[in-house]
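Engineer: I'd like to ask some things about the structure below.
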Number of protein chains: 4
Amino acid sequence: MKKLKIGIIGVGRLGYEHACNIANRVPGSELVAIADANFDRAKQVAEELGVTAVYNDPKALCADPNVEAVAIITNTASHVEMIKIAMDAGKHVFCEKPLADTVEKCKEAEAIIAAHPELTFMLGFMRRYDHSYQVAKKKMENGDIGDVILVRCYSQDPISIIEGTLEYAPRSGGQFIDMSIHDFDLIRWLTGSEVKELWATGGCYEFKQYKDWDDGDNVSGLMKMENDAMAFFFAGRAAAHGSHVETEIVGTRGTLRIASVPTDSLVEVMSQHGVCRECYQDFITRWHDAYITEIEEFCDCVATGRKATPGVIDGTQSTKIAFRCKESFLTDKKLTLE
Amino acid sequence: MKKLKIGIIGVGRLGYEHACNIANRVPGSELVAIADANFDRAKQVAEELGVTAVYNDPKALCADPNVEAVAIITNTASHVEMIKIAMDAGKHVFCEKPLADTVEKCKEAEAIIAAHPELTFMLGFMRRYDHSYQVAKKKMENGDIGDVILVRCYSQDPISIIEGTLEYAPRSGGQFIDMSIHDFDLIRWLTGSEVKELWATGGCYEFKQYKDWDDGDNVSGLMKMENDAMAFFFAGRAAAHGSHVETEIVGTRGTLRIASVPTDSLVEVMSQHGVCRECYQDFITRWHDAYITEIEEFCDCVATGRKATPGVIDGTQSTKIAFRCKESFLTDKKLTLE
Amino acid sequence: MKKLKIGIIGVGRLGYEHACNIANRVPGSELVAIADANFDRAKQVAEELGVTAVYNDPKALCADPNVEAVAIITNTASHVEMIKIAMDAGKHVFCEKPLADTVEKCKEAEAIIAAHPELTFMLGFMRRYDHSYQVAKKKMENGDIGDVILVRCYSQDPISIIEGTLEYAPRSGGQFIDMSIHDFDLIRWLTGSEVKELWATGGCYEFKQYKDWDDGDNVSGLMKMENDAMAFFFAGRAAAHGSHVETEIVGTRGTLRIASVPTDSLVEVMSQHGVCRECYQDFITRWHDAYITEIEEFCDCVATGRKATPGVIDGTQSTKIAFRCKESFLTDKKLTLE
Amino acid sequence: MKKLKIGIIGVGRLGYEHACNIANRVPGSELVAIADANFDRAKQVAEELGVTAVYNDPKALCADPNVEAVAIITNTASHVEMIKIAMDAGKHVFCEKPLADTVEKCKEAEAIIAAHPELTFMLGFMRRYDHSYQVAKKKMENGDIGDVILVRCYSQDPISIIEGTLEYAPRSGGQFIDMSIHDFDLIRWLTGSEVKELWATGGCYEFKQYKDWDDGDNVSGLMKMENDAMAFFFAGRAAAHGSHVETEIVGTRGTLRIASVPTDSLVEVMSQHGVCRECYQDFITRWHDAYITEIEEFCDCVATGRKATPGVIDGTQSTKIAFRCKESFLTDKKLTLE
């Protein structure tokens, strides 16, 4: 019944979601400290969640002896620095994806984590902890679909939030680093293999401004894995119907398709439009339970000493793929991963 | 390869559909004669379909020695008279549903048909010949769902054709005789049993004019069959989404549901309304293939001497149920069938 | 940020679920006391959830000054007595469904609650708080489907738990009181009206032992509401595919169907069986989130003084309907509610 | 009402399907002559369908003055020779896909057809005439989904017919020429553009013998079109669930998905496997109606002088893409089309 005492660094939109979950939705955790560069925001969330230790300096939070583990939900560029501060202070670390904004920093993170084998590190690719993905993975491990032939991944943001999407775009790192990296992690996880070669392409089909950021509003790519499995990914910024993350695994004995209709509502609406299922309109709603489950898993790994996944290597590899895809997209060349 | 030479009586909307099918879509049939009280209509359809024998008097058509079988697609009140003329002239008969507008006439039809055991008679409850219903029935016969517990039947016309529905309503015989009779036939066919008791109810939820015709715009009923199976039916005149005929058979070992999304299009439309399936907007499109298949079956029964189903008894029984439901609806009493 | 201090009476299977939620999943609540006639069970759950106040006498729990509200998850027969004890001790009450095992006791509950207008009372018809039902209700309130014509309710337990179902059956109160009562509440809630007349029927289609308990393994009923809406319900004990609670609301302008495929997994399995969706296998999984949401609502009602629903009247009315359905089932008569 | 008099060359499995349709299912056509290298087969089909003119030499059929149009359903290698014979004899031509087994022969076909501008030529990419594809195309032309971003095409044969698949494989031309060519035609038709560059890959995931034929049992490819639209295709030989041809068009304003559950049955089966939809098990059943509709269109084009599509250029272009994909697959290089 001991609860893991977690301090959180960063309580922006997603950080706030994590803070609420840690405080109120995860049985094995307790939220004991909050840090945010925006100190007012930190204090406001702390008050709402009944947290008394509030910091604007992450170092101070990491020095707090009451904190056993740190959840890092800051901007990507700062992740590795935060990991170092926290681990050097002897704290377990849960870090949001992506691991870092360069492959070099990923390597640094590997070194930091390797230097603290006694501490748990977990990376927040939450999709792995979504109920449906867990169901699918279990079926695969059970041999239900034989060997993997093809993994197909879609990640689409909805048009309903396009203003926010466009505002965030220039500093997002681009479609591959920001969005498709989730799919790169899924592809590696589901095929159990590393990318061998890839070709990424795309364009600006509706929002020409992405051109200015060396990015596309819609991109896709084909990959061949070391074990010969194929993978196709597609990412878009403005789907008419909703936040649509769909994954399909075609195997030699069967196929699993996850979220072809992306909704948590069991309501069918029969109207002049036909028989309709309304879809998720934002990713936090879509992954609400997965965000909880991954923190439960993190707490359990800390408690039992079991190794947490995804780990730092998953961060490095997915980042590598993302950068390589971007290079392929910009040069229009088929590339090997290394 | 011999084709059955069929003459058709009545080429209104549904008669025209049958005429086209007999002429051009059913391998085993040939359309050789057309009769319609509206002689101009008869001539026009005959010209379009390359038929040379055209009549305005059904008796003349039945006297035509080139005609081997007669398809009767006239108004319900005249069905039994037509059956008599055709059979007395030695013709096989395919007759549209319902068999008659009174139970007494149904009994007359039974006598006529009994007097001509050498001739094939088939009643046009085409739903039985729809591919999906055939698939379901085969599974039931195969024991896939065990014994029948409940049959649920929906029959809804779409709002998109409400003008025609309202115009036709006063002379339709009412919801039970005109529409639900299809479901009464399905219920008997799927349970393999006769109705023991029933309660029908309903009202005028949107179109108050049905009150004037001792009818409802939406009606439903619960039935218990002789073999204890339960049946629920619902019929409506103005579904927003389309022409919706749905049937479910709950069995002790499994359940079959037919047409929960009533469409022949495999297109999913992803739009601001969600993920939508557009539905049938008229019954002739819905049952197009079933109309063909039932005539194929009719031709095959004539050719092989096999007994055709649904037969005259199915007409009598469904008509009885329909009238009894109407009585229950009007008196608000639970009734036995007899 | 003040958390409502709740003591729970009864930590059997469903009580345990509530206890865990109150302790760890509901932001606004805190579990501060546990009572169970099985004291060992109470102590074990208390230890697991970090609760220090443990009782085997509900009166003692209600006398605990630290307890602000009581959750009653005992057997149905004891509900009203527990409500009295708790309310007389000045505690807010959340009580599991059904309200009582007789209509007379329901009336007693009404009196007790009326005597404590300062206290919140809420009845645990959790289906109303399921996300999909909330979505549907909101659409109805928004006028999306016009006026209600028909509510159709299915409640089926899965064959996979049939042993437990059969074991519990003799003391369950029977299908109408135990299971269909949920649907009676939904029907009242969705139509906004009271039952006027009804006919319930059914039988023992697979499990003949229900006969001995004056019950059926599958039952159904048709109802007419005071406002003319129709309602059909069906309940079964052994669906091959899973725990299937489905509700449909047919309106004059559109239709809403909830859970025609009862699953929270977005996985489609493509195998030799076709394209399959696997279904819920137990009701606690099905309603997990609804159990949390209703307690959130309860806490919010206590905090704000807002009146909680469903309330005691909903308990009385659904119980009345259940007993009247049972009478109709046993006598095979159509009955009015009163 | 004049029917087009069609002679058919080749009455193997698919030829027989066409022969039956021309004879009995297409209102505007009449089957007047049959030729097949297997003369016994030709005679047998002729007798069944009541055709009196039977040939084993295609030239003789083409010389038959009663024949107005010729349907060519022979092996791919002979298509162009047959087209020449038929057109030189003044007959309209319907030719099955693919147009030819080399790009050079396609060019020859172009010349032959160009030399007979008074004659109708139509290529049998029947998918374009499937009801669902027609619905989708109409929506696209209506602007419902904006501009095309991505077309995704799946073509999978079912494991249930794997013996036939393996037997036919060595002389099929391989996955790209035999199967994916349908998707190449769809991609061009749906994007309204030509392929600019492509990368095709795949392997032998289950059936290693494909290696011997320089082929894969599962292949896929990514393409970029001249108009910047992206296209992904996947083809497999042994899907557990059935014959699965699925196409999706992602547009800037909406998405259309065709046949994500590939079935013409509206039956949902609820069993221990969940809620299942059973799928097509062979392509002739899947495309039965499309085979009829394309011949109707052919007849109408002949009757009205309207230009038929797909035309010879569609044959050349799809063949070019297929060979280029095969080259990419064998060399593992990204290639431009030309």
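To keep it simple, each residue is scored yes or no on (1) out of contact with any Asp or Glu (no Cβ under 9 Å at 6 or more places or on another chain); (2) open to solvent by 10 Å² or more (accessible area, probe 1.4 Å).
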residue	(1), (2)
C:G242	no, no
C:T252	no, yes
C:R257	no, no
C:Y280	no, yes
C:I284	no, yes
C:C301	yes, no
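Engineer: Would you please name the residue that is farthest from B:F121 (Cα to Cα), looking only at residues in segment B:59-89 that are of a type in the set (G, A, S) and surrounded by fewer than 24 Cβ atoms within 10 Å (Cβ to Cβ)?
Structural biologist: So the residue we want is B:A60.
Engineer: Tell me, which residue of segment B:18-31 that is surrounded by fewer than 20 Cβ atoms within 10 Å (Cβ to Cβ) and touching a residue at least 40 places away in the same chain (Cβ under 8 Å) is farthest from the other protein chains (Cβ to nearest Cβ)?
Structural biologist: B:G28
Engineer: Would it be correct to say that A:A100 is open to solvent by 10 Å² or more (accessible area, probe 1.4 Å), closer than 30 Å to A:D64 by Cα, in the same structural domain as A:H18 (by TED's automatic domain parsing) and not hydroxyl-bearing (S, T, Y)?
Structural biologist: Considered against the rule, which asks whether it is open to solvent by 10 Å² or more (accessible area, probe 1.4 Å), closer than 30 Å to A:D64 by Cα, in the same structural domain as A:H18 (by TED's automatic domain parsing) and not hydroxyl-bearing (S, T, Y), A:A100 comes out as no.
Engineer: Taking interchain pairs and intrachain pairs at least six residues apart, which have beta carbon atoms under 6 angstrom, with the first residue in segment B:112-128 and without any contact (Cβ under 8 Å) to a residue 60 or more places away in the chain and the second open to solvent by 10 Å² or more (accessible area, probe 1.4 Å)?
Structural biologist: Note: pairs meeting the criteria are B:I112/B:K84; B:L119/B:H92.
Engineer: Here is a further query. Among B:E194, B:E206, which is the only one that is within 13 Å of chain C (Cβ to nearest Cβ) and modelled with pLDDT of 95 or more?
Structural biologist: Sole residue among the options that is within 13 Å of chain C (Cβ to nearest Cβ) and modelled with pLDDT of 95 or more: B:E206.
Engineer: Do we find that A:K105 is basic (K, R) and either under 17 Å from the mean Cα position of the chain (by Cα) or open to solvent by less than 30 Å² (accessible area, probe 1.4 Å) (or both) in this structure?
Structural biologist: Judged against the criteria, A:K105 is not a match.
Engineer: Just one of (1) buried (at least 24 other Cβ atoms within 10 Å of the Cβ); (2) under 28 Å from C:T331 (Cβ atoms) trips up C:E197, so point out which.
Structural biologist: Among (1) buried (at least 24 other Cβ atoms within 10 Å of the Cβ); (2) under 28 Å from C:T331 (Cβ atoms), C:E197 violates only (1).
Engineer: Does segment D:38-49 include one or more residues that are free of Cβ contacts under 8 Å to residues at least 60 places away in the same chain, open to solvent by less than 40 Å² (accessible area, probe 1.4 Å), out of contact with any helix residue (DSSP H, G or I) (no Cβ under 7 Å at 6 or more places or on another chain) and among the small types (G, A, S)?
Structural biologist: yes
Engineer: Right, another one. So the check is Cβ under 9 Å with 6+ separation or different chains; which pairs have a first residue in segment C:256-272 that's at positive phi and a second one that's among the polar types (S, T, N, Q) and in a loop (DSSP other than H, G, I, E, B)?
Structural biologist: The qualifying pairs do not exist here.
Engineer: Quick one: what pairs do we get from segment C:195-214, first residue free of Cβ contacts under 8 Å to residues at least 12 places away in the same chain, second surrounded by 15 or more Cβ atoms within 10 Å (Cβ to Cβ) and not in a strand (DSSP E or B), C-beta under 7 Å, 6+ apart or different chains?
Structural biologist: Taking only residues 6 or more apart or on different chains, the pairs are C:K211/C:C204.
Engineer: Name the residues in segment A:178-193 that are closer than 16 Å to A:Y210 by Cβ and open to solvent by 10 Å² or more (accessible area, probe 1.4 Å), would you?
Structural biologist: A:D178, A:M179 - these are the residues of segment A:178-193 that are closer than 16 Å to A:Y210 by Cβ and open to solvent by 10 Å² or more (accessible area, probe 1.4 Å).
Engineer: How many of the residues making up segment C:303-338 are part of a helix (DSSP H, G or I) and open to solvent by less than 60 Å² (accessible area, probe 1.4 Å)?
Structural biologist: Going through segment C:303-338 one residue at a time, the tally reaches 15.
Engineer: Just one of D:S172, D:S180 is at pLDDT below 95 and over 30 Å from B:H273 (Cβ atoms); which is it?
Structural biologist: Step by step, each of D:S172, D:S180 is checked, and only D:S172 is at pLDDT below 95 and over 30 Å from B:H273 (Cβ atoms).
Engineer: Can we say A:T293 is touching a helix residue (DSSP H, G or I) at 6+ places or on another chain (Cβ under 9 Å) and either open to solvent by 10 Å² or more (accessible area, probe 1.4 Å) or not assigned by TED's automatic domain parsing to the domain that holds A:L166 (or both)?
Structural biologist: The answer is yes for A:T293.
Engineer: Find the residue count for segment A:144-188, including only residues that are more than 19 Å from the chain's Cα centre (by Cα) and free of Cβ contacts under 8 Å to residues at least 40 places away in the same chain.
Structural biologist: 2
The values are calculated or read from the model by the stated rules, or taken from the named source; none is laboratory data. Everything quoted here is computed from the prediction, not taken from an experiment. Note: ideal-geometry Cβ built from the backbone for every residue, glycine included; neighbour counts use all protein chains shown. Please note that ligands, DNA and RNA were not included when accessible areas were found on the heavy atoms of the full protein model with its side chains. Shrake-Rupley method; radii C 1.70, N 1.55, O 1.52, S 1.80 Å.
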